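Novice: Have a look at this one before I ask anything.
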Amino acid sequence: MSEPTGAEDAPPALNAAQDALFLDFDGCLVEIAPRPDAIIIPKELGKTLTRLSECLGGALAIVSGRSLPELETYLAGFDGPMVGSHGAESRGLGQEAVRPEGLADLQQAMEDFCAENGLLYEPKSLGGGLHYRAKPELQLLTERFAAELTERFPGFEVQLAKMAVELRPGGVSKDRALEMLSQIAPFTGRRPVYAGDDVTDEPALAWAEAHGGFGVKVGDGATAASHRLAAPAQVRAWLAAALEDC
């Protein structure tokens, strides 16, 4: 991975004939909310993504830590490929979901921990999230508990996120998802472009930079990306401009 930078340049216009576009969801297409289920979905977002996908010859995919069923609900109207749970499940790629043993017991332990400590538990189809946004002083306790869970359930790994700690299936990540997508049509042979906001996105941002494309960091923070946009509203404006050029 390249060294983090303070990239500030806005991304160039997308090239419909050459680019493959990979987009994170939370913090990239939609603003972060106090609760994962409190996000506001911009009107026609799914249909806009479908139009942009058509412009790119189908080379547009959503790559998110969200569960696939949630993505399908929130992005109704978009019928293109989706990768959920950090690469553990997908739609339109003909791959089976990664399902480690002990999922139900892991999720129960996470739910119990959050209930005992006044934290928010986010159930996911292949793991879960421990959100300490309301109690940031419990960050270290939450991280220690998550690490302990990986000892009890070795099929899972810790994934740090913004004000949260997730447990996801081992051996999956967003950069691996990009590598897999880039080997199949219509993504193969195109310049990879990835946009994301979180530490979970940094491997994918670095992967795009290292493979002839570029990353777009959304929001503040050090990054491997060479370009930056301030917030999801600016991401959506960048995508809208690409549609105007089609």
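The values are calculated or read from the model by the stated rules, or taken from the named source; none is laboratory data. These figures come from a predicted structure and were not determined experimentally. Glycine also receives a Cβ, built like all others from the backbone with ideal geometry; neighbour counts cover every protein chain displayed. All accessible areas refer to the heavy atoms of the entire protein, side chains included, with ligands and DNA or RNA removed. Shrake-Rupley method; radii C 1.70, N 1.55, O 1.52, S 1.80 Å.
Novice: Per q in 0.14, 0.19, 0.21 1/Å, what log10 I(q)/I(0) does a Debye calculation on the alpha-carbon atoms of segment 91-193 return?
Specialist: -0.60, -0.90, -1.01
Novice: What value, in deg cm²/dmol to 500, does the helix sum -39500 (n - 2.57) over DSSP H runs of n ≥ 4 give at 222 nm once divided by the residues of the chain?
Specialist: After summing the helix terms and dividing by the residues of the chain, the value is -9500 deg cm²/dmol.
Novice: Assigning unit charges at the beta carbon (Lys, Arg +1; Asp, Glu -1) and nothing else, what dipole magnitude in debye, to the nearest 20, does segment 194-242 show about its Cα centre?
Specialist: Rounded to the nearest 20 debye, it is 200 debye.
Novice: Running a GNM on the chain with Cα contacts under 10 Å, which residue among A204, A225, A13 ends up with the highest mean-square fluctuation?
Specialist: Of A204, A225, A13, the most mobile in the Gaussian network model is A13.
Novice: Give the accessible surface of the chain per residue, rounded to a whole number of Å², with probe radius 1.4 Å and ligands, DNA and RNA excluded.
Specialist: About 44 Å² of surface per residue is accessible.
Novice: What relative contact order, as a whole-number percentage, does segment 168-246 give when Cα pairs under 8 Å and 6 or more residues apart are counted?
Specialist: Worked out over segment 168-246, it gives 20 percent.
Novice: Still on this structure, please answer the following. Amide H of A20 versus every other amide H placed in the peptide plane: which residues, excluding those fewer than 5 positions away on the same chain, fall under 5 Å?
Specialist: R191, V193
Novice: Turning to a different aspect of this structure: Sum up the charges of everything whose Cβ sits under 11 Å from the Cβ of P232, counting Lys and Arg as +1 and Asp and Glu as -1, but leave P232 out.
Specialist: Around P232, the charge tally is -3.
Novice: Could you grab the relative contact order for the chain? Cα pairs under 8 Å, six or more apart, rounded to a whole percent.
Specialist: 26
Novice: Another question about this same structure. Compactness ratio of segment 1-141: Cα Rg over 2.2 N^0.38 Å, N = residue count?
Specialist: Segment 1-141 yields a ratio of 1.21.
Novice: Where the accessible area of the chain is counted over protein heavy atoms with a 1.4 Å probe, how much of it, in %, is carbon and sulfur?
Specialist: C and S fraction of accessible area: 51 percent.
Novice: Next up: Cα to Cα, under 18 Å, and not fewer than 8 places away if on the same chain: which lysines meet these conditions relative to K217?
Specialist: Counting by Cα, and skipping residues close in sequence, K217 has these lysines nearby: K162, K174.
Novice: At a 10 angstrom cut-off on C-beta neighbours, averaged per residue, how do the peptides 55-64, 228-237, 95-104 rank from highest to lowest?
Specialist: Descending packing order for the listed peptides: 55-64, 228-237, 95-104.
Novice: Still on this structure, please answer the following. Nearest 20 debye, what's the magnitude of the dipole of segment 1-146 about its Cα centre given +1 on Lys and Arg Cβ and -1 on Asp and Glu Cβ?
Specialist: Its charge dipole is roughly 260 debye.
Novice: Using only the Cα atoms of segment 207-246, what are the Rg and Dmax in Å?
Specialist: Using the Cα atoms of segment 207-246, the pair Rg, Dmax is 11.4, 33 Å.
Novice: If you average the alpha carbon positions of segment 26-67 and of segment 201-246, how far apart do those two centres end up, in angstrom?
Specialist: When both Cα centres are located, 14 Å separates them.
Novice: Name the most mobile residue of E202, E70, E151, meaning the one with the largest mean-square fluctuation, in a Gaussian network model of the chain with Cα contacts below 10 Å.
Specialist: Among E202, E70, E151, the largest mean-square fluctuation in the Gaussian network model of the chain belongs to E151.
Novice: Another question, then. When each pair of different Cα atoms in the chain is counted once in the 1/r mean, what is the Kirkwood radius in angstroms, to one decimal?
Specialist: This gives a value of 18.2 Å.
Novice: About the Cα centre of segment 98-188, what is the dipole size in debye to 20, counting +1 per Lys and Arg Cβ and -1 per Asp and Glu Cβ, all else neutral?
Specialist: Here segment 98-188 has a charge dipole of around 320 debye.
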